[in-house]
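Each reported figure results from applying straightforward, stated rules to the coordinates on display, with no laboratory input. What you see is a predicted model, and the numbers here were worked out from it, not measured in a lab. With ideal geometry, Cβ positions are generated from the backbone for all residues, glycine too; neighbour counts draw on all protein chains shown.
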Amino acid sequence: MIRISQEGTEMRLIKTKKFTYAGEIKDGVMHGYGKITWHTGEQFEGNFFVGKRQGMGILKFVDGTEYVAEYYEDQINGHS
């Protein structure tokens, strides 16, 4: 996985009722490389830009299936 470090970020662990995030934060939002695990057990590991999935990442489902994709503004960009 390509890790893009953003200038001015810091590493943090954030836990909410909906998800746990471990990764880079800038100005209080996910920004840079990180891993988010939702309460459902699904995970995303990759790059974030201003709180949204952006660039390459891996979406991991509870059944073990993995989907590698490019994201743009929190949505899968392109074709599967």
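A few notes on this one:
- Peptides 11-17, 44-50, 24-30 ranked from most to least packed give 44-50, 24-30, 11-17, packing being the mean of other C-beta atoms within 10 angstrom over each peptide's residues.
- For Lys26, the aspartates and glutamates whose Cα comes closer than 15 Å to its Cα, not counting residues fewer than 8 places off in the same chain, are Glu7, Glu10.
- Partners for Lys18 among lysines (Cα-Cα distance below 19 Å; same-chain residues under 8 apart left out): Lys35, Lys52, Lys60
- Global geometry of the range 11-77, whether rounded, prolate or oblate, following the gyration tensor of its Cα atoms and the 1.5 cut on a/c: oblate
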